[in-house]
Amino acid sequence: MAHAHAAPDSAPHSAPDPAPDPAPDTVPDSARRRDLAVRAAVEQGLISEHTPLLCLLDTAGIRASAATLTGAFARALAPGTPVLHAFAVKAAPLVPVLRLLAEAGLGCEVASPGELALARAAGIAPERIVLDSPAKTAAELREALALGVAVNADNRQELERLDTLVARAATTSPIGVRINPQTGAGSIDALSTATATSKFGIALRDPGAREWLVRAYLDRPWLTRLHTHSGSQGVPLPLIAEGVRELYALAEEINTAAGRRQVDTLDIGGGLPVNFASDTVTPTHAEYVDALREAVPGLFSGTYGLVTEFGRSLTAKHGLVLTRVEYTKTTGGRPIALTHAGVQLATRTVYAPAAWPLRILPYSAQGTPLTGRPVAQDIAGPACFAGDLLAAARALPLLAPGDLVCVPDTGAYAFTAHYGYNSLPRPAVHGFTVTPSDTVRFTLARAAQPVSTIPEEAGASTPDALL
């Protein structure tokens, strides 16, 4: 077998010495920066009647969240512990975001050939990339092994496929197996990945599964990692910690059976929920670490290298959608503000509003916060179906044409991953920074999609193909 396993320290970077003072998890002045950015977007012409939709990313906020993550673990881990914080690319699949986070010390967790291509386009070194997916093709696995990307196998059949591929490849890829600890669901079923019947990983509590896993590792000395991820939004910290505790116990069992430290790295996933109700950051990365230290104290002893895969908690609260109110009307006594932001940018909110409520912040046409008596009104998007609402019966100052609607907390799983309903084009995404003198500087991160490109994507070059 031609597998050459890299030393434990070669993939994750060693944790720095603990910082003397904890960094706060709440980004200071985030709301103030947002207000300045909205006003500057109007004054600088980024939002107008000709460009009625805009998406913004607060780069200082993203950097601050990355710092709270790395700092929380650095303060808890034994000095010198190898650790890689791999950003979940699916949360914000934009190359400039990946570059920004790389500068903050993060790698990438990818779950498709497209996400791997984005990570490579961002200049992320292969040893700082982790490949997860429940349906990897042989070609995807061969590419990962050739590059030296870490791979987490999802199931028994994939592990058998890797038997053949690893035997033929001289690879430095660390390889592990994803387990499903079957510890239960959070409040959002679709995002709970540790249920009894989850599609992810090898079910740890199924009859005979644990014994099979131990034997699978003993038969494959090149298996050196274990991975779990219990879900994200809606999954409470104690449930996440319980899944990690099961992972740690299995690693200890495998290493005892092997009589050596075969499993040297634990990939504990991510999944820190986000507060969408206010600007307060809760729970924090520090609280996440505290929950793990209470449930799995051995995790921080330095015995194992660590990999994390956070996404939403790093970028969600640092993105905002800004759109003009095009028209207003009253129907059945309910005021309705018709805007250009809807299902194409906040897909989960539109289809599952109870699970994914978003705040609505009203601004005047000049970019100043609107005040006035709250009136229950619908904030509607442009798509041609009745459910395309960002908010229903939301109490806000009464909006008028030309006013602005700001939708915060949309920096993950929202405008970064456009949904092409009604062939609505992708809007521009700008990063922004605020100088000490309160000057706002915008930088284009993703250009707006020209309408002229939409027909080509829809088969315009082969119009007679079906005749």
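Which condition breaks for TYR304 when tested against (1) buried (at least 23 other Cβ atoms within 10 Å of the Cβ); (2) under 24 Å from the mean Cα position of the chain (by Cα); (3) not charged (D, E, K, R)?
Failed condition: (2).
Say we look at the range 207-260 and pick out the residues that are surrounded by fewer than 17 Cβ atoms within 10 Å (Cβ to Cβ), touching a residue at least 24 places away in the same chain (Cβ under 8 Å) and assigned to a loop (DSSP other than H, G, I, E, B); which of these is nearest to the chain's Cα centre (by Cα)?
Top of the filtered list is PRO236.
Where residues in the range 303-337 are in contact with a Lys or Arg (Cβ under 7 Å, 6 or more places away or on another chain) and among the hydrophobic types (A, V, I, L, M, F, W, C), which of them is farthest from ALA76 (Cα to Cα)? Spell out the reasoning first.
In the first step, residues of the range 303-337 are kept if they are in contact with a Lys or Arg (Cβ under 7 Å, 6 or more places away or on another chain); the result is 311, 320, 336.
Among the residues that remain, those that are also among the hydrophobic types (A, V, I, L, M, F, W, C) are: 320, 336.
Values: LEU320: 32, ILE336: 50 Å.
Ranking the candidates gives ILE336 first.
Quick one: VAL405 ticks every box in (1) in a loop (DSSP other than H, G, I, E, B); (2) within 26 Å of GLN44 (Cα to Cα); (3) among the β-branched types (Val, Ile, Thr) except a single one, so which number is it?
(1)
Restricting to the range 342-368, give me the number of residues that are over 12 Å from ARG394 (Cα atoms) and touching a Cys at 6+ places or on another chain (Cβ under 9 Å). Spell out the reasoning first.
Taking the range 342-368 as the starting set, the residues that turn out to be over 12 Å from ARG394 (Cα atoms) are 342-356, 363-368.
Pick out the ones that are also touching a Cys at 6+ places or on another chain (Cβ under 9 Å) and you get 345, 363.
Residues in the range 342-368 being over 12 Å from ARG394 (Cα atoms) and touching a Cys at 6+ places or on another chain (Cβ under 9 Å): 2 in total.
Do we find that LEU266 is among the aliphatic types (A, V, I, L, M), closer than 30 Å to GLY61 by Cβ and assigned to a strand (DSSP E or B) in this structure?
Values: among the aliphatic types (A, V, I, L, M): yes; closer than 30 Å to GLY61 by Cβ: yes; assigned to a strand (DSSP E or B): yes.
For LEU266, the condition - among the aliphatic types (A, V, I, L, M), closer than 30 Å to GLY61 by Cβ and assigned to a strand (DSSP E or B) - is met.
When both residues are 6+ apart or on different chains and their Cβ atoms are under 7 Å apart, which pairs have a first residue that lies in the range 87-108 and is touching a residue at least 60 places away in the same chain (Cβ under 8 Å), and a second that is basic (Lys, Arg) and outside any helix (DSSP H, G or I)?
Sorted first by the residue in the range 87-108, then by its partner, the pairs are LEU94/ARG446.
Just to confirm my filter: which strands (runs of 3 or more DSSP E) fall fully inside the range 303-381 and include at least 1 residues that are among the polar types (S, T, N, Q) and in contact (Cβ under 8 Å) with a residue 40 or more places away in the chain?
Numbers: elements: 305-308, 319-331, 334-339, 361-363, 374-380.
Of the strands (runs of 3 or more DSSP E) lying wholly inside the range 303-381, those with at least 1 residues that are among the polar types (S, T, N, Q) and in contact (Cβ under 8 Å) with a residue 40 or more places away in the chain span 305-308, 319-331, 334-339, 374-380.
Only residues that are farther than 30 Å from THR256 by Cα and crowded, with 17+ Cβ neighbours inside 10 Å: list them for the range 277-295, please.
VAL281, PRO283, THR284, HIS285, ALA286
If the Cβ limit is 6 Å and pairs must be 6+ apart or interchain, which residue in the range 440-467 that is within 30 Å of ASP58 (Cβ to Cβ) pairs with which residue that is part of a helix (DSSP H, G or I) and at pLDDT 95 or above?
Going by the 6 Å Cβ cut-off, the qualifying pairs are VAL440/LEU36; VAL440/ALA37; VAL440/ALA40; ALA445/PRO96; ILE454/SER423.
May I ask you to say which residue of GLY186, GLY201 is modelled with pLDDT under 95, on the phi > 0 side of the Ramachandran plot and not acidic (Asp, Glu)?
Numbers: GLY186 fails: on the phi > 0 side of the Ramachandran plot.
The conditions single out GLY201.
Sort through GLY298, GLY271 and tell me the only one that's without any contact (Cβ under 8 Å) to a residue 60 or more places away in the chain, of a type outside the set (A, V, I, L, M) and surrounded by 22 or more Cβ atoms within 10 Å (Cβ to Cβ).
Exactly one residue qualifies, and that residue is GLY271.
Out of the residues in the range 151-186 that are of a type in the set (Val, Ile, Thr) and not in a strand (DSSP E or B), state the one that is farthest from ALA295 (Cα to Cα). Steps first, please.
Let us first name the residues in the range 151-186 that are of a type in the set (Val, Ile, Thr), namely 151, 164, 166, 171-172, 175, 177, 179, 183.
Imposing the further condition that a residue be not in a strand (DSSP E or B) reduces the set to 164, 166, 171-172, 183.
Working: THR164: 38, VAL166: 35, THR171: 35, THR172: 32, THR183: 14 Å.
So the residue we want is THR164.
Evaluate the range 269-291: report whether one residue or more is under 17 Å from LEU69 (Cα atoms), hydrophobic (A, V, I, L, M, F, W, C), outside any loop (DSSP other than H, G, I, E, B) and out of contact with any Leu (no Cβ under 6 Å at 6 or more places or on another chain).
First pass over the range 269-291, keeping only residues under 17 Å from LEU69 (Cα atoms): 269-275, 280-291.
In the following step, the residues that additionally are hydrophobic (A, V, I, L, M, F, W, C) were identified as 272, 274, 281, 286, 289, 291.
With the extra rule that they be outside any loop (DSSP other than H, G, I, E, B), the set shrinks to 286, 289, 291.
Applying the additional criterion that residues be out of contact with any Leu (no Cβ under 6 Å at 6 or more places or on another chain) yields 286, 289.
Yes, the range 269-291 contains at least one residue that is under 17 Å from LEU69 (Cα atoms), hydrophobic (A, V, I, L, M, F, W, C), outside any loop (DSSP other than H, G, I, E, B) and out of contact with any Leu (no Cβ under 6 Å at 6 or more places or on another chain).
If I ask for residues that are closer than 30 Å to VAL38 by Cα and out of contact with any helix residue (DSSP H, G or I) (no Cβ under 8 Å at 6 or more places or on another chain), which ones from the range 444-467 would you list? Spell out how you get there, then give the answer.
Taking the range 444-467 and keeping what is closer than 30 Å to VAL38 by Cα, we get 444-454.
Across the range 444-467, the qualifying residues are LEU444, ALA447, ALA448, GLN449, PRO450, VAL451, SER452, THR453.
Mind listing just one residue for me: the one in the range 30-57 that is of a type in the set (D, E, K, R) and either in a loop (DSSP other than H, G, I, E, B) or touching a Leu at 6+ places or on another chain (Cβ under 8 Å) (or both) and, of those, nearest to PRO425 (Cα to Cα)?
Step one: filter the range 30-57 for residues of a type in the set (D, E, K, R), giving 32-35, 39, 43, 49.
Filter again for either in a loop (DSSP other than H, G, I, E, B) or touching a Leu at 6+ places or on another chain (Cβ under 8 Å) (or both), leaving 34, 49.
Details: ARG34: 25, GLU49: 16 Å.
Of everything passing the filter in the range 30-57, GLU49 is nearest to PRO425 (Cα to Cα).
Would you mind finding the one in ALA337, ALA392, ALA380, ALA341 that is surrounded by fewer than 16 Cβ atoms within 10 Å (Cβ to Cβ) and hydrophobic (A, V, I, L, M, F, W, C)?
On the way: ALA337 fails: surrounded by fewer than 16 Cβ atoms within 10 Å (Cβ to Cβ); ALA380 fails: surrounded by fewer than 16 Cβ atoms within 10 Å (Cβ to Cβ); ALA341 fails: surrounded by fewer than 16 Cβ atoms within 10 Å (Cβ to Cβ).
Only one candidate passes the filter, namely ALA392.
Any idea how many residues of the range 153-164 are touching a residue at least 24 places away in the same chain (Cβ under 8 Å) and within 30 Å of the chain's Cα centre (by Cα)? Walk me through it before giving the result.
Step one: filter the range 153-164 for residues touching a residue at least 24 places away in the same chain (Cβ under 8 Å), giving 153-156, 159, 163.
With the extra rule that they be within 30 Å of the chain's Cα centre (by Cα), the set shrinks to 153-156, 159.
Counting residues in the range 153-164 that are touching a residue at least 24 places away in the same chain (Cβ under 8 Å) and within 30 Å of the chain's Cα centre (by Cα) gives 5.
Are any residues in the range 261-301 more than 24 Å from the chain's Cα centre (by Cα), closer than 21 Å to ILE179 by Cα and of a type in the set (D, E, K, R), and if so, which ones?
Within the range 261-301, ARG261, ASP264 qualify.
The values are calculated or read from the model by the stated rules, or taken from the named source; none is laboratory data. Not measured: the values here are computed from a predicted model. Every residue, glycine as well, gets a Cβ built from its backbone with ideal geometry; the counts of neighbours run over all protein chains shown.
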